[in-house]
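Contents: one structure, followed by commentary.
The values are calculated or read from the model by the stated rules, or taken from the named source; none is laboratory data. Note that the structure is a prediction, hence the values are computed from the model and not measured. With ideal geometry, Cβ positions are generated from the backbone for all residues, glycine too; neighbour counts draw on all protein chains shown. Quick note on the areas: whole protein, heavy atoms, side chains included, nothing else; ligands and nucleic acids left out. Shrake-Rupley method; radii C 1.70, N 1.55, O 1.52, S 1.80 Å.
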Amino acid sequence: MSKKHILIVPGDGIGQEVTAVGKKVLDRIAEKFQHEFTYDEALMGHVAIEATGNPLPDETLAKMKSSDAVLFGAVGHPKYDNDPSAKVRPEQGLLKMRKELGLYANLRPIKLFDELLAASSIKPEVLKGADILFFRELTGDIYFGEKGRKNDGDTAYDIAEYSRFEVERIGRKAFEAARTRRKKLCSVDKANVIETSRLWREVIQKLAKEYPDVEVEHQFVDATAMLLIKDPRRFDVVVTANLFGDILTDEASQIAGSMGMLASASIGDGTGVYEPIHGSAHDITGKGVANPLASVLSAALLLDISFGLKEESDAVINAVDQVLKAGFRTGDIADSTTPADKILGTEAMGEQVLKFL
Ligand code: NAD
């Protein structure tokens, strides 16, 4: 039996609707496997700015730090999207959360459910069976180095920096994950031209000696971009730097067809944060039609990664699979062949997952 404390941070827009479903799934797992999960809830994003003037109030941060894991929704509001000059913004909360919790690795599993093969723009025969786990470094690279202008503003520069320590800590997480999967690791860089990539490759090569059971491949980022579309099944775990990861994970999300199906985890040495990859989707907020499965799959990731409860996590993924096999869809993953009575809203979709669990 595990005793764990989970902080629910729904955030804005459909974050509120989908996170409620994710929480119910965690509750059902606790009941089914006899764990004791306790919960608290906290504000972040636009709702937090409205209530306190701060997108990540100290109280929320303190609760995050003292929890065993955070189930997060999304932050964002059209008010800020249309006003780029707004000084206080929901996404400042996200950046502060990553910094304060030391979240240096972003994990994004790209797993395709057979029933949704048709939703992808890639041919089903190329895609069937694809199952990739991305590790994107989150705290270094060109995003955080010195940047500026010179020559009267006509020349701009951004300095990319990585330390051995930064590469090694995410490398280790990726090797450990590969060990629990198909034991293949693809490290992506541009070591033919970029110095930080040469350090990256050197560190991964050294680490590889500690994991002789994992087959390691080094790939240039341009080749990876091509191979993800051409032959996604060749990948198991992929580890890469912040900028390359930013681009490749968005490319890979399209392999899976819909945003409403993909979960992510941000982890460091403390509390892990689990969230759908989609945003607050104000175009559908309050309509009860948001697909809650990305939040449900975020809960599955939380169980696996933060709590080490693999069987419980698999039970959640299996329930999602069963729901899809039974033909149930939310609007975003339905197509012209879906019967009207199988198209469900957020809550009804959640109920189906609970039923299969
Ligand atoms: P979005 O992901 O919110 O929505 C993109 C499109 O996908 C919309 O048409 C939406 O209706 C649809 N969609 C997204 N999730 C869905 C779901 N679960 N079910 C059904 N349809 C779904 O991205 P956006 O429109 O670019 O951004 C909206 C707001 O979200 C912005 O304020 C943005 O800053 C914020 N955002 C936040 C995060 C985050 O919190 N991590 C990530 C991305 C965007």
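Observations on the model:
- Options GLU50, GLU17; residue that is within 16 Å of the ligand (Cβ to nearest atom), surrounded by fewer than 20 Cβ atoms within 10 Å (Cβ to Cβ) and either at pLDDT 95 or above or over 22 Å from ARG98 (Cβ atoms) (or both): GLU50
- Residues of region 248-258 that are open to solvent by 10 Å² or more (accessible area, probe 1.4 Å) and under 15 Å from LEU133 (Cα atoms): ASP250, GLU251, GLN254.
- Complete set of residues in region 96-114 that are within 11 Å of the ligand (Cβ to nearest atom) and more than 30 Å from ASP321 (Cβ to Cβ): MET97, ARG98
- A residue that is within 14 Å of the ligand (Cβ to nearest atom) and basic (Lys, Arg) cannot be found anywhere in region 54-67.
- Pair list, Cβ under 7 Å, 6 or more apart: region 66-78 residue touching a residue at least 60 places away in the same chain (Cβ under 8 Å) and more than 14 Å from ILE305 (Cα to Cα), other residue away from the ligand (no atom under 16 Å from the Cβ) and outside any strand (DSSP E or B): SER67/THR271
- Test: residue in region 20-42 that is in a loop (DSSP other than H, G, I, E, B), hydroxyl-bearing (Ser, Thr, Tyr) and modelled with pLDDT of 95 or more: no
Residue by residue, here is whether (1) more than 29 Å from LYS4 (Cα to Cα); (2) of a type in the set (Val, Ile, Thr) holds:
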{"site": "SER67", "(1), (2)": "no, no"}
{"site": "VAL75", "(1), (2)": "no, yes"}
{"site": "PRO78", "(1), (2)": "yes, no"}
{"site": "LYS96", "(1), (2)": "no, no"}
{"site": "LEU101", "(1), (2)": "no, no"}
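- Any hit, region 203-210, residues being within 12 Å of the ligand (Cβ to nearest atom), open to solvent by less than 10 Å² (accessible area, probe 1.4 Å) and not small (Gly, Ala, Ser): no
- Scanning region 261-282 for residues being within 15 Å of the ligand (Cβ to nearest atom), of a type in the set (D, E, K, R) and modelled with pLDDT under 95 gives a total of 0.
- Test result for VAL216, open to solvent by 10 Å² or more (accessible area, probe 1.4 Å), touching a helix residue (DSSP H, G or I) at 6+ places or on another chain (Cβ under 6 Å) and away from the ligand (no atom under 16 Å from the Cβ): yes
- Taking region 64-111 as the range and being open to solvent by 60 Å² or more (accessible area, probe 1.4 Å) and touching a strand residue (DSSP E or B) at 6+ places or on another chain (Cβ under 7 Å) as the test, the residues that pass are ASP68, ARG98, LYS111.
- Among (1) touching a residue at least 60 places away in the same chain (Cβ under 8 Å); (2) away from the ligand (no atom under 16 Å from the Cβ) - the single one ILE333 does not satisfy: (2)
- Evaluation of ILE317 against (1) within 16 Å of the ligand (Cβ to nearest atom); (2) at negative phi (one fails), failing number: (1)
- Candidates are the residues of region 147-180 that are more than 20 Å from the chain's Cα centre (by Cα) and among the hydrophobic types (A, V, I, L, M, F, W, C); the one that is least open to solvent (accessible area, probe 1.4 Å) is ALA160.
- Positions within region 199-228 being part of a helix (DSSP H, G or I), over 16 Å from ASP141 (Cα atoms) and not polar (S, T, N, Q), in sequence order: GLU202, ILE204, LYS206, LEU207, ALA208, ASP222, ALA223, ALA225, MET226, LEU227, LEU228
- Residues within region 181-193 that are open to solvent by 20 Å² or more (accessible area, probe 1.4 Å) and either touching a Phe, Trp or Tyr at 6+ places or on another chain (Cβ under 6 Å) or hydrophobic (A, V, I, L, M, F, W, C) (or both), tallied: 2
- Exactly one residue among SER258, SER306 is small (Gly, Ala, Ser), at negative phi and away from the ligand (no atom under 16 Å from the Cβ), and that residue is SER306.
- Enumeration of residues in region 21-45 that are in contact with a Pro (Cβ under 8 Å, 6 or more places away or on another chain) and in contact (Cβ under 8 Å) with a residue 60 or more places away in the chain: VAL21, GLY22, GLY45
- Set side by side, the residues THR285, THR196 differ, and just one is modelled with pLDDT of 95 or more, outside any strand (DSSP E or B), under 30 Å from VAL21 (Cα atoms) and open to solvent by 20 Å² or more (accessible area, probe 1.4 Å), which is THR285.
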